[in-house]
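Undergrad: Pasting a structure below so you can have a look.
The values are calculated or read from the model by the stated rules, or taken from the named source; none is laboratory data. Nothing here was measured: the structure is a model prediction, and the numbers come from that model. Methodologically, a virtual Cβ is constructed for each residue, glycine included, from the backbone with ideal geometry; neighbour enumeration extends over all protein chains shown. Surface areas here come from the heavy atoms of the whole protein model, side chains and all, with no ligands, DNA or RNA. Shrake-Rupley method; radii C 1.70, N 1.55, O 1.52, S 1.80 Å.
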Amino acid sequence: MNSIESIGENIRILRLKSGFSQEQLALSAGVNPAYIGQIERGEKNPTIKI
C-alpha cells in the first residue's frame, strides 16, 4: 500500500468513526461526493486544503 492509499484508508476510517457518509463529508469539504470515493480508493491525491 502506498502513501496515497494509506491516506485514503485513514480518511475512510475516520469518516466512518465520525458517522459521516461520503455525501456528508463531501458537503462539509465543499467537494463532489465522487471525489471523496476516489480519495478513499487511492485514485486521487487530496491537497492539504481539502
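Undergrad: May I ask you to give the percent of accessible area on the range 1-49 that is carbon plus sulfur, with a probe radius of 1.4 Å?
TA: 54
Undergrad: Using θ = phi - 60° and the Karplus curve 6.51 cos²θ - 1.76 cosθ + 1.60, what whole-Hz ³J(HN,Hα) does each residue of the range 23-35 get, with Gly and Pro shown as x?
TA: Along the range 23-35, the couplings run 5, 5, 5, 4, 4, 5, 8, x, 10, 6, x, 4, 5 Hz.
Undergrad: In addition: Nearest 500 deg cm²/dmol is fine: what mean residue ellipticity at 222 nm does the chain get from its DSSP H runs of n ≥ 4 alone, each adding -39,500 (n - 2.57), divided by its residue count?
TA: -19000 deg cm²/dmol
Undergrad: Project the alpha carbons of the chain onto their principal axes and report the range along each, largest first, in whole Å.
TA: Principal extents (largest minus smallest coordinate, Cα): 26, 20, 17 Å.
Undergrad: So, one more: Accessible area per residue for the chain in Å², computed with a 1.4 Å probe and the full protein assembly in place, what is it?
TA: So the chain comes to 73 Å² accessible per residue, rounded to a whole number.
Undergrad: Moving to a separate point now. For the chain, find the longest principal axis of its Cα atoms and tell me its angle to the long axis of helix 3-18, 0 to 90°, nearest 10.
TA: 30
Undergrad: Find how much the distance from N32 to F20 grows on full extension, using 0.36 nm per residue of separation minus their present alpha carbon separation; answer in nm with one decimal. Walk me through the intermediate numbers first.
TA: On the way: separation 12, 0.36 × 12 = 4.32 nm, distance 1.46 nm.
Between N32 and F20, full extension yields an extra 2.9 nm.
Undergrad: Hey, what did the chain get for relative contact order, percent, Cα under 8 Å, at least 6 apart?
TA: 45
Undergrad: Then there is this: Report the charge-dipole magnitude of the chain in Debye, nearest 20, computed about the Cα centre from +1 at each Lys and Arg Cβ and -1 at each Asp and Glu Cβ.
TA: It comes to approximately 120 debye.
Undergrad: Next up: Roughly how many nanometres apart are two label points built 7 Å out from the Cα toward the Cβ at K49 and N2?
TA: Rounded to a tenth, the inter-label distance reads 2.3 nm.
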